Structure formats: C-alpha cells, structure tokens
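The values are calculated or read from the model by the stated rules, or taken from the named source; none is laboratory data. Source: prediction; values computed, not measured. Reconstructed Cβ throughout: ideal geometry from the backbone, glycine too, with neighbour counts over all protein chains shown. For the accessible areas, the whole protein counts, side chains as well, though only heavy atoms, and no ligand, DNA or RNA atoms are used. Shrake-Rupley method; radii C 1.70, N 1.55, O 1.52, S 1.80 Å.
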Amino acid sequence: MNKEKNTYFPEIEDIKRAAENIKKVSEVTPLGYSLRYSKQFQSNIFFKREDLQQVRSYKIRGAYNKISSLNTSQSSCGVVCASAGNHAQGVALSCKLLEIKGTIYMPAPTPNQKVEQVKMFGEDYIDIKLEGDTFDDAYHAAMIECSELGKTFIHPFNDEKVIEGQATIGLEIIQQSDIPIDYVFIAIGGGGLAAGLSTVFKILSPNTKIIGVEPEGAPSMKTSIQNNKNTTLTTIEKFIDGAAVKRVGDLNFEICKENLDGIITVPEGKVCETILELYNKDAIVVEPAGALSISALDFYKDEIKGKHVVCVVSGSNNDITRTPEIKERALLYANLKHYFIINFPQRAGALKEFVVDILGENDDITYFQYAKKTNRENGSAVVGVQLKSASDLKPLIDKMKHHKFFGDYLNDKPDLFQFLV
C-alpha cells in the first residue's frame, strides 16, 4: 500500500502476521456496548477495551511485535526504550516473555507506582535508569546507550513493526462487529495507533470514518496536518501525559494525513469530566489518554446520531494521587468552580455577611486563603466557590459588587490563577 514513493504504509498481510505473532501475549479485548452512552447520543456506542490488557494498555501489541522481530545479533545485544508510562510496561513484559535484556530510561520524577509496575512486568530481564527531569532527558540518555553499546532502540510509535502491532486492534474491531461501523474515535499521541488502525479500516472498511482525538494543549498531529508537514510544537500541556507529545512520528504523520477523516482537540477539563463519569457511573477506570476518544463524542453528537460508533479506550494506568486535580479540572471546565479575590472590610462580622448575604444557599466555599490586611479599610482573600449550577455565577458576582466585596475574578487570568491557587 505504497501511495507515494519512499512513503511507508502498512500492508494488510504484515498486520495479519503481527496479529498472529502477538496472540499469545495480547488479549483480544472486548468490544462492549455502552447502554448509557448509546442512550445519551441516540447512537450505538461501543468501547474497544484496551484498558483490559495485562499491562492495562494497547502498548504491549506494538512493543512485542517489534522486539520479537529482532534478529539473533540484535536480541543478544539487548534493547533500550525511554518512557514514563505505558510503553515502558509493554517493553518490560515483552523482554521477560522473549528473554531479552532491556534497559528502560524513565525521568527521575516518575511516580514510584509506575516504576514498580515496570519492575513487576520485566522482573530480572530489565534494568530501570532514572535520568533527568523530563522525557526528553530520558530519551537522550537512551539514545546514547544505543549508540555506544550497539543496542536496539524500541520507539514508542515511530516504527513500522510498532505501527503494525497497534494496527491489530483494527482487525479485531472489524472481526468482532457484526454490523458496519460508521465512526471510530481514537486518541492520538505520537500517532502509532491511529496510523495502524486507520490503515486497516481504509482497506477493509473504507466507508468508516476515522476521527483522531488530541488534547487541546498538545495538538501536534492537527497542527502538522494543517501545515502539511510534521511540525514540532514549542510548548505543550502535559496533563494528558499518554497523548501529550511535541512531535508525532514522521511515519505516522504521513499515514494519518492520508487516512484520517477528521481530527479534533478536546479540552483537558472535558477529559476529566469523562474520567469521573466513567468511574462513578460505569465502574470503568481510565487514564486521561484513555478517555480522549469518549470525550470527543459530545463534539460530534449531531453527526453520530443514529450511527454505529466505536471508541478505543486506550489505557487505564491512572495514578490515584491525581484524583484531586482531575476533580478540580472537571469542575472548572463545567463552570462550577470559581476563584475570586475578595476584599473583606476590616470590621467584625464581615465574613459572616459574605457567607449569609452573598453566597447562595447551594454555594460552597472550597478554598480560603486570607492575606494580612493591606490597609485600614480592607483585607484581601483568595476564595474558591463551588456552585451547583453554572448559571449561579453572574448573580454571585453581582451581589459581591453590590456589597463592595468584589476584588477580581481569577479563572480567566491563568497566570495569576496558577500563582495564587
């Protein structure tokens, strides 16, 4: 399937060989019908549950397919990867199963829970090296080791065998569905999964529309497609760490720009809403990247009405210590959490007046940081208020101004907001 000279496109026979190759280590994950989401969007919504893999993400597919393809010389020298997340776990388990020594570079701030997971999957076949403060630092160190010791680098997405391994998800979806699929929503980080899956559908189910979903704060594929060249972003929002990359794979870009029928960015706060909904209402635990595809449905609700839709749930390696931040981002996105600078008059009873006369009966103070009085008349406090309804915001601000308590609204001042809260 070489559309252009010197441009790689996966061949369906190579993808089928990958599926045969990984079948002993990769689960054929369920394609489950979501009653709640189907009712909400008046569609038939299915979840491809890659979060149920042994390593809790699809990454085992590409990692195992790549590492198992190495020749004897490459295998004896060992492999190296750089990752702080799902790819590291996929490489670790593959090394143990194939009895190949691997070195996994991770940034020093990587949570200990993730380090322990990698150790568990790799056991004595892997060494973990914590290097630098960022993924780029770990990646640089990994490449030095590959160069100096002749080891093979296992790239998380920009590799033919990795792409073909991830593409096997597409084969499974088509085999599992007894009805034509109208839409597939799929998260994009480096683009390996999107490149592989979209190729399968373009060959075997060309009428299916493939929609790529990126974090709003890391739109590397969307930017590259708009520019018609692979583009490196200067800065990204790293919250959705499983899909936040500054530059997608060169191989993946060429494939995705041909195959994707649409690409959308989703706000990080919307993703947090989805994570909490899936946990509270469906008992499904997903990581931020794993919720991307489902989060996009709201933005396509008119197009998908009455259609058959698949969302690939890419992973569930969520760190429970992030829960407070997830809740906070979800409330901010829903316009239910608001922060203000409140000017309290320097007199007895001012706080009581604020609580009784200004706050609504359903409003809740969730944050209060009082500063020393700056003058004889007023003292300032940063106050966080959670509302029951977003429509309660304007009446609240109006009452603050009327009673001369209002100092400033912080939600729309990100620099000041992050400094004070």
Rg in Å to one decimal, and Dmax rounded to a whole Å, for segment 122-254 via C-alpha atoms: 16.8, 52
Any idea how far the Cα center of segment 223-237 sits from the one of segment 310-350, in Å? 29 Å
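In Å², and per residue, what accessible area does the chain have when probed at 1.4 Å with the other protein chains present? Don't jump to the answer; show the numbers that get you there.
Numbers: 19470 Å² over 421 residues.
It amounts to 46 Å² per residue over the chain.
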In whole angstrom, how far apart do the alpha carbon centroids of segment 37-51 and segment 165-197 sit? 15 Å
At 0.36 nm per residue, minus the direct Cα-Cα distance, what do K257 and A283 gain on full extension? Give it in nm, one decimal, please. 5.8 nm
Label point 7 Å out from K119 along Cα-to-Cβ: which residues of segment 282-307 have amide N under 14 Å? none
Which of K16/K59; K66/K114; K59/K202; K305/K413; K352/K388 have a Cα-Cα distance over 26 Å? K305/K413
Straight-line reach check, K23, cutoff 12 Å on alpha carbons, 8 or more apart in-chain or any other chain, hits among aspartates and glutamates -> E172
Rounded, prolate or oblate: which one fits segment 70-131, using the alpha carbon gyration tensor with axes a ≥ b ≥ c (rounded when a/c is under 1.5, else prolate when a/b beats b/c, else oblate)? prolate
At a probe size of 1.4 Å, how large is the accessible area of M120, to the nearest 10 Å²? 100 Å²
Starting at the first residue of segment 28-35, write each ³J(HN,Hα) from the Karplus equation 6.51 cos²θ - 1.76 cosθ + 1.60 with θ = phi - 60°, in whole Hz, x for Gly and Pro. 7, 6, x, 10, x, 7, 9, 4
Just the number, please: carbon plus sulfur as a percent of the accessible area of segment 22-171, 1.4 Å probe, no ligands or DNA/RNA counted. 49 percent
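With a ≥ b ≥ c taken as the square roots of the eigenvalues of the C-alpha gyration tensor of segment 169-315, please select rounded if a/c is under 1.5 and otherwise prolate if a/b is larger than b/c or oblate if it is not?
Here segment 169-315 falls in the oblate category.
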Between the modelled labels at Y33 and Q54 (7 Å from Cα along Cα→Cβ) the distance in nm is 3.2 nm
Taking the chain as a Gaussian network, Cα atoms linked when under 10 Å apart, which of P288, P109, P215 shows the biggest mean-square fluctuation? P109
Heavy atoms only, probe 1.4 angstrom, no DNA, RNA or ligands counted: give me R347, R56, R49 ranked by accessible area, highest first. R347, R56, R49
